[in-house]
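Sending over a structure as C-alpha cells; questions will come in a sec.
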Amino acid sequence: MKQKLMGLNGDEAAAYATKQVDPDVVAAYPITPQTIIVERFSEYVADGLVHSEFVAVESEHSALSSCIGAAAAGARAYTATAANGLALMWEMTYIASGVRLPIVMSVANRALSAPLNIHNDHSDSMGARDSGWIQIYCENSQEVYDAHVEAWRIAEHEDVLLPVMICFDGYTISHTMENVMTLPDEDVKGFVGKRKFIKVQGHLGEAELRLDPGCPISMGPVDLQDFYFEHKVHQMDAMEKALKVIPAVDEEYGVLSGRKYGHVNPYRMDDADVAILGLGSVMGTAREVVNELRTEGVKAGMVKLRTFRPFPTDDLIKAIGDVPALGVIEKDLSFGAAGGPLYEDVRAVFYDAGSKPLIANYAHGLGGRDTSMAMIRGIYEDLLKIKKKGRVEKTMNYVGLRE
Amino acid sequence: MSEKKGWKSLDKGAVAYKSSRDYETGDWGVAQPKFNHEKCTKCTLCHFYCPEGAIRVREDGYTEVDLRYCKGCGVCAEECPVKCIEMVAKR
C-alpha cells in the first residue's frame, strides 16, 4: 500500500478523509475551532473534487437536522461542530440516534460558555455522552484521519446503525500541523464501500430503512408508553454490539493501513505501580512523562481510552489490570456529581471487578489551560502517595488550578 | 394496536409497522355523544365543530359519530344550538 505523507492539522485531516469518503451531503456551520473543516470542505466542493451536496445552513440545529433528513433518505451525511454548536444540536443528537441514522460528525472539542472560551476541553462532547452517539477520542491528527475513514463502517454496520462522533481537542489537534499518512482515494472508497440498508416491517409491508416514496415508511413517529421503552433498549443493544464491531472494523483498517487502535491503549502497564487513564491529546504528553519516570525507576504506566461510548468495560478492566493506584484525568467537570463523567464510569465498572485500584479523579486543562509534563508528573507523585497510604483521601483534584 | 412486539422482535429505527389508519384514537375517550333526533334541526354544526372529523352527515341529513375516532371531548354537545346532544359514558 502506497501511502502519501501529508502535513495536516486535525481539522484538515478530518476534511481530507471526508473528501476521500465523498459523502452525499455535508451540512455544517462554521464554529471555532472546527471552522477549517467547513472551509476546506467548501473548497473541495467549489473545486469539484467531491460530489457532495454542501448545505450552508443558518445554525448547528439546522446542520444536524439537514443531516438527519439526508441520512433518512439514504444519503451518507456528515457534519462538524464544537462547543456551543454541539449544544445547539442537542435536541437533534437524540433524534439522529433514535431513528438510527449513521451520521458522522467531527467535534473539535471546545469549552462551553459561559464565560466565553474558544479553547479546548471536553465539556461539549461529555454533555452529549447519553445521546446515543458512539464517541471516539483522538490523540493526534493521524488518529483523526483514520477515525474519519473507520467511522462510516462502524455507523452503518447493520448491528450498529448509530451516529458516530469523532472528538479531537480544539487547537491542540485541530490547529496543529502534523505528519499524517493518507491512503489513496480508491482505497478509502473501497474500504467504506456503499451504504447498505436493513429491511424493516413498515405499514405497507417490508421496506428498506430509508425514506423512499416508492415504498414509504414512517420514521420516529409518536411512540408512547407502549413502544418507546423497547426502541430505547434497541439503542442500548446497538451500543453493546458496537463494542464488537468497532474493533472488527479497526482490525480490517489495520490490514489496509498498518494502523489500528483498539478501544483502549495501555502503555507500560505490565508491572505498573501507578497509572493514569484519560482521553485525547494529553495522553501523548503523559506517554513522555511515563518514559521519563521509568528512566528514574518509577513504575509508571498509562491507559489511553479511545472509545468512550460504548464504554469498553472488559477491555478497560483488562488494560488497567492490577495496578494499585489509578488517576482518572479528564477535561471536564460534572457540577455537583461525585466526580467527572469518566471517573464515575471507571469507578462503576470496577465495583464488580475482582481486584480494583485506588482511584482518584483529576480535572485538568479546562478552557484550554495547558497540562504540562510537570503537572502530569505531579499526578503520578500524588498517586504514589495514595499507593503508600493505601487510601484515597481526596477524590476530586484540580490540576493547575490557582488556589 | 393489536399484538405488541418485544424489543427483540421489533424492527430497528422506530418504524411504524401499522398504518395510523389502524390506530383508533377513539379508545382514548371516556364519553361519547348521544343524539336526540326529535330535537335535532339538521344544522350540522356538530359536524363542522368536531376537532377529529369524527362526526359525519348522513344522507337523511342527520349526523352520526364514528366512535373509532371520537375522543369524547364534548365540543359537539357544547355547540349544539338546540342541545340535542348529550355526552354519555362510553360502553
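Values quoted throughout were computed directly from the atomic coordinates according to the rules given, and no laboratory measurement underlies them. What you see is a predicted model, and the numbers here were worked out from it, not measured in a lab. Note: ideal-geometry Cβ built from the backbone for every residue, glycine included; neighbour counts use all protein chains shown.
When you look at A:Arg129, is it surrounded by fewer than 24 Cβ atoms within 10 Å (Cβ to Cβ), among the basic types (Lys, Arg) and either touching a Ser or Thr at 6+ places or on another chain (Cβ under 6 Å) or not in a helix (DSSP H, G or I) (or both), yes or no?
yes
Also, I was wondering about something else. Select from the stretch A:22-32 the residues that are crowded, with 21+ Cβ neighbours inside 10 Å and touching a helix residue (DSSP H, G or I) at 6+ places or on another chain (Cβ under 7 Å) and list them in ascending order.
Selection gives A:Val26, A:Ala27, A:Ala28, A:Tyr29, A:Ile31.
Right, here's the next one. Tell me which strands (runs of 3 or more DSSP E) are completely within chain B and hold 2 or more residues being without any contact (Cβ under 8 Å) to a residue 24 or more places away in the chain, touching a helix residue (DSSP H, G or I) at 6+ places or on another chain (Cβ under 8 Å) and more than 14 Å from every other protein chain (Cβ to nearest Cβ), or say none if there are none.
Result: B:55-57.
I'd like to verify a number: residues in the stretch A:355-395 that are free of Cβ contacts under 8 Å to residues at least 12 places away in the same chain and closer than 20 Å to A:Ile317 by Cβ, how many?
Counting residues in the stretch A:355-395 that are free of Cβ contacts under 8 Å to residues at least 12 places away in the same chain and closer than 20 Å to A:Ile317 by Cβ gives 1.
Does the stretch B:60-72 hold any residues that are on the phi < 0 side of the Ramachandran plot, of a type outside the set (A, V, I, L, M) and buried (at least 18 other Cβ atoms within 10 Å of the Cβ), and which are they?
B:Thr63, B:Tyr69, B:Cys70, B:Lys71
Also, I was wondering about something else. I need the full set of residues from the stretch A:62-104 which are part of a loop (DSSP other than H, G, I, E, B) and out of contact with any helix residue (DSSP H, G or I) (no Cβ under 9 Å at 6 or more places or on another chain), in order please.
Hits for the stretch A:62-104 are A:Ala73, A:Gly74.
Consider the stretch A:191-223. How many of its residues are within 9 Å of chain B (Cβ to nearest Cβ), in contact with a Lys or Arg (Cβ under 6 Å, 6 or more places away or on another chain) and among the acidic types (Asp, Glu)?
Within the stretch A:191-223, residues that are within 9 Å of chain B (Cβ to nearest Cβ), in contact with a Lys or Arg (Cβ under 6 Å, 6 or more places away or on another chain) and among the acidic types (Asp, Glu) number 0.
For the stretch A:251-285, which residues satisfy the criterion of being of a type in the set (Phe, Trp, Tyr) and more than 15 Å from A:Ala300 (Cβ to Cβ)?
Passing the criteria: A:Tyr253, A:Tyr261.
Can you tell me which residues in the stretch A:90-149 are under 26 Å from A:Glu230 (Cβ atoms), of a type outside the set (A, V, I, L, M, F, W, C) and touching a residue at least 40 places away in the same chain (Cβ under 8 Å)?
A:Thr93, A:Ser97, A:Gly98, A:Arg100, A:Pro102, A:Arg129, A:Ser131, A:Gly132, A:Gln135
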